[in-house]
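So the structure is just underneath, and the comments pick up after that.
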Amino acid sequence: MPLDAYALDLLFRQARTHNKFSDQPVTDDELRALHALLKQGPTSANSSPARFLFLRTRYAKEKLAPALSGGNLEKTLAAPVTAIVAYDPRFYEKLPKLFPHNTDAMSWFTNNDSLAATTAFRNGTLQGAYLILAARALGLDTGPMSGFDNAMVDDLFLADRGWRSNFLCNIGHGDPAGLFPRSPRLDFEDACMLL
């Protein structure tokens, strides 16, 4: 059954990238609910390579600050939560748990570095998109962004785990005062082909 108009507006048509957030906090329970929802989205071989660091404290945000571009600094420091959307290049080590019906699945990646890297990045990015949609579905707003030094973020937050950063996403309850007019989107004829 298709979603109703309200749900489609919430997830897509009226959803916006937020640059300002209210002071309302995002709770641990909300972040746990967010992960519980986003993890249900499909990935190839159920690989689930995305990893998420939810930065909420002043200390964590100030640690992140040197890695941010100037245009992202103020809004990130002010957001209730900044997620580092990362991926685990060694995601395949969890395949015995995540893809138990094929006991050979881990070898697909241990013997092919290029396939492992592509799978980790592609599916981790996909899970980052699920994060955005799950947040919207739970009544939260997001502000995904590039504009940061990946190598510095990896060094500051991820090196001990071997994970790699993909993008950042501010999360909270959006303040409409920070919205820009909606930018145009491509029409079907400009973005699609029927073959």
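The values are calculated or read from the model by the stated rules, or taken from the named source; none is laboratory data. These numbers were taken from a predicted model, which means no experiment stands behind them. Using ideal geometry, Cβ is built from the backbone for each residue, glycine included, and neighbour counts are taken over all protein chains shown.
Name the residues in the stretch 109-134 that are closer than 15 Å to Leu95 by Cα and hydroxyl-bearing (Ser, Thr, Tyr), would you?
Thr110, Thr119
Applying the selection to the stretch 1-31, what residues are more than 26 Å from Ile84 (Cα to Cα) and either small (Gly, Ala, Ser) or touching a Pro at 6+ places or on another chain (Cβ under 6 Å) (or both)?
Answer for the stretch 1-31, where residues must be more than 26 Å from Ile84 (Cα to Cα) and either small (Gly, Ala, Ser) or touching a Pro at 6+ places or on another chain (Cβ under 6 Å) (or both): Ala5, Ala7.
Take the residues of the stretch 137-151 that are hydrophobic (A, V, I, L, M, F, W, C) and assigned to a loop (DSSP other than H, G, I, E, B): which is nearest to Asp23 (Cα to Cα)?
If we take residues in the stretch 137-151 being hydrophobic (A, V, I, L, M, F, W, C) and assigned to a loop (DSSP other than H, G, I, E, B), then Leu140 is nearest to Asp23 (Cα to Cα).
Have a look at Ala116, Ala105 and point out the one that is in contact (Cβ under 8 Å) with a residue 60 or more places away in the chain and either small (Gly, Ala, Ser) or surrounded by fewer than 17 Cβ atoms within 10 Å (Cβ to Cβ) (or both).
Answer to the check: Ala105.
Considering only the stretch 37-69, state which residues are under 28 Å from Glu93 (Cα atoms), hydroxyl-bearing (Ser, Thr, Tyr) and not in a helix (DSSP H, G or I).
Within the stretch 37-69, Thr43, Ser47, Ser48 qualify.
Need pairs with beta-carbon distance below 7 Å; first residue under 12 Å from Leu133 (Cα atoms) and within the stretch 1-14, second surrounded by 10 or more Cβ atoms within 10 Å (Cβ to Cβ) and not small (Gly, Ala, Ser); sequence gap 6+ or separate chains.
Leu10/Arg136; Leu11/Leu133; Leu11/Arg136
Say we look at the stretch 11-33 and pick out the residues that are assigned to a helix (DSSP H, G or I) and touching a Leu at 6+ places or on another chain (Cβ under 9 Å); which of these is surrounded by the most Cβ atoms within 10 Å (Cβ to Cβ)?
Looking at the filtered set, the residue picked out is Glu30.
Here are some residues: Ser47, Ser69. Which one is of a type in the set (Ser, Thr, Tyr), closer than 19 Å to Pro144 by Cα and within 19 Å of the chain's Cα centre (by Cα)?
Answer to the check: Ser69.
Among Ala151, Ala159, Ala177, Ala137, which is the only one that is closer than 20 Å to Ala79 by Cα, among the small types (Gly, Ala, Ser) and at pLDDT 95 or above?
Only one candidate qualifies: Ala137.
Only one of these is farther than 29 Å from Leu8 by Cα and without any contact (Cβ under 8 Å) to a residue 12 or more places away in the chain: Arg58, Arg90. Name it.
Of Arg58, Arg90, the one residue that is farther than 29 Å from Leu8 by Cα and without any contact (Cβ under 8 Å) to a residue 12 or more places away in the chain is Arg58.
Here's a check for you: in the stretch 152-195, which residue that is loosely packed, with under 11 Cβ neighbours inside 10 Å and outside any loop (DSSP other than H, G, I, E, B) is farthest from the chain's Cα centre (by Cα)?
Applying the filter and picking the extreme gives Glu189.
Output the number of residues of the stretch 143-195 satisfying the condition of being among the basic types (Lys, Arg) and over 19 Å from Ala50 (Cα atoms).
Within the stretch 143-195, residues that are among the basic types (Lys, Arg) and over 19 Å from Ala50 (Cα atoms) number 2.
Looking at Asp149, is it in contact (Cβ under 8 Å) with a residue 24 or more places away in the chain, in contact with a helix residue (DSSP H, G or I) (Cβ under 8 Å, 6 or more places away or on another chain), closer than 17 Å to Leu68 by Cβ and not basic (Lys, Arg)?
yes
Only one of (1) in contact with a helix residue (DSSP H, G or I) (Cβ under 9 Å, 6 or more places away or on another chain); (2) under 16 Å from Asn166 (Cβ atoms); (3) surrounded by 18 or more Cβ atoms within 10 Å (Cβ to Cβ) fails for Asn72. Which number is that?
(1)
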